[in-house]
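The values are calculated or read from the model by the stated rules, or taken from the named source; none is laboratory data. Not measured: the values here are computed from a predicted model. For neighbour counting, all protein chains shown are included, and Cβ atoms are generated from backbone atoms with ideal geometry for every residue, glycine included.
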Amino acid sequence: MSEHVYQAIWSEDDHRFSVSARQDDGNFADPGADILLDEQVKARGSRQIDLATNPLFHRVNFEKLEESSLYRSFIALLDNYAVHFRDPELLSPAEVSEIETFLDLVLARRSMQIAYEYIASDLVPNLPPDQFRRDLEQIWFQVYTNFYRGKSTHYCTGFEHVFVGEGKYTKNANGVTEKGKISGYHSWVKFALDEVNGRVDYLGYKYDLGGPGPGNPHVVTLQMLWNHMDMRGRLVAELFKKKGGFFVGCSPACEMALATLAYYEGHLGLLTNQKKRVKFGDGVYDLVMYHATTQDGGLGKHVRSFFPIYLGDGSQGAGGSGDVVVKPRPARLQNCGDLRIRAALPNPPGEDQGTEWVEIWNASGSDIVLQGFELRDKMSRPQPIAEKELKAGQILRVAVTRQTADHMQLSNRRGLISLHDAAGEMLAAVSYGRATENQVLVFAEPGAAGAD
């Protein structure tokens, strides 16, 4: 059984980043960790609704990335690939050299050495080190054609799909921005770099676990937008991933070692439905390994995709059945604090410009200073609040001015309204469905409990 090998690969990752998530009180368990992860709220399933008003990565020790030759080499590979999945992948001599350097560094890491030792002793007996290196280059970096359900996709590579991501969208000859989908993209390093540079937008977590969140900082399952820009900074395509994810904090050498072991086991028929059930750290996971598909429907000699599915912490349920369960984390999205969103008019008669409004209610017994406060819509566009103070028990009506295209606008169909203080912290938020003309939507009433 190879379960202990996966555990050893994980535990011997000598380039791992420490990770800390927010606790129920909003503070981080370990404020000094390399990564502070802020998963916030559950996603709503739509590219138009962004409930996660803050970045996923509250903080990353980017200096530590730059200090590591392994991470520097990995990052150097990320811009070697075309985003559109049908564009040719032509590697220059310099890019080939970058791959060779990266493989040297990966093979020197203990995680990959553990994988190789097991593969050469139990799966492919007497596999020479030089042949294993050639296998890695083929598995991860060789460009191939994938045949899936009778359709062929050219210019595929395992590394690009897993660690970089691909965009599936229709090219428009008129230069109109297209909406498309994300394929792959299972790297925390790539996401952190894209997020800090404004290329991705975290929309919330998306775990199918029966609870509002995982409470495990070492893995994320999420919805996201990836803005594909051209060399002049113009938006080419808005790419959406309804459900994706990645490990957080582990090194690319560790991830490649886990995936490479699963690749060899898959070729020998040792996976169950293309998955490997493992337990390491504080979680139980299914490691999903998709091999390339040959023209005759067989397993190809390349990685097609690899990602983790988080199943919980492995605790036994109340009945003692041993089923995987999750320790739920209270949702932070609510409308029951001192300041509440009382009502809104998203669809006024006639022209919307300047006639939409949102009401804020001070449900506390004290006056509240509003200096620097603002409302936001589902796209996080702001409406500054001009009033400096809201007295106890009073209701303030804020006009949605639509001053520019980048300011708050209320949708007539599905929308989100959130209230933020001067530091950007979300104090209240409500969502709504279709709003008919002149319909006032009421979310909270004085004298009644606020809506969660």
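Here is how the numbers come out for the structure above:
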item: Tally of residues being hydrophobic (A, V, I, L, M, F, W, C) and either assigned by TED's automatic domain parsing to the domain that holds Val41 or modelled with pLDDT under 90 (or both) across the stretch 406-426; result: 4
item: When residues of the stretch 279-290 are limited to those that are buried (at least 21 other Cβ atoms within 10 Å of the Cβ) and modelled with pLDDT under 95, the one nearest to Lys151 (Cα to Cα); result: Tyr285
item: Unique residue being farther than 21 Å from Ser380 by Cα and within 19 Å of the chain's Cα centre (by Cα) when the list is Val200, Val196, Val248; result: Val248
item: Hey, Asn438 surrounded by fewer than 14 Cβ atoms within 10 Å (Cβ to Cβ), out of contact with any Gly (no Cβ under 8 Å at 6 or more places or on another chain) and closer than 15 Å to Thr355 by Cα or not; result: yes
item: Among the residues listed as Asp87, Asp122, Asp34, the single one being in contact (Cβ under 8 Å) with a residue 24 or more places away in the chain, under 24 Å from Met229 (Cα atoms) and out of contact with any Asp or Glu (no Cβ under 9 Å at 6 or more places or on another chain); result: Asp87
item: Wholly within the stretch 1-97, strands (runs of 3 or more DSSP E) carrying at least 2 residues that are under 27 Å from Asp201 (Cα atoms) and among the small types (Gly, Ala, Ser); result: 19-21
item: Conditions (1) under 18 Å from Thr53 (Cα atoms); (2) not aliphatic (A, V, I, L, M); (3) not in a loop (DSSP other than H, G, I, E, B): number failed by Arg397; result: (1)
item: Hey, Ser92 modelled with pLDDT under 95 and either among the hydroxyl-bearing types (Ser, Thr, Tyr) or crowded, with 20+ Cβ neighbours inside 10 Å (or both) or not; result: yes
item: Counted residues, the stretch 169-208 - those being hydroxyl-bearing (Ser, Thr, Tyr) and modelled with pLDDT of 95 or more; result: 3
item: Unmet requirement for Leu396, which otherwise passes all of (1) buried (at least 16 other Cβ atoms within 10 Å of the Cβ); (2) at pLDDT below 90; result: (2)
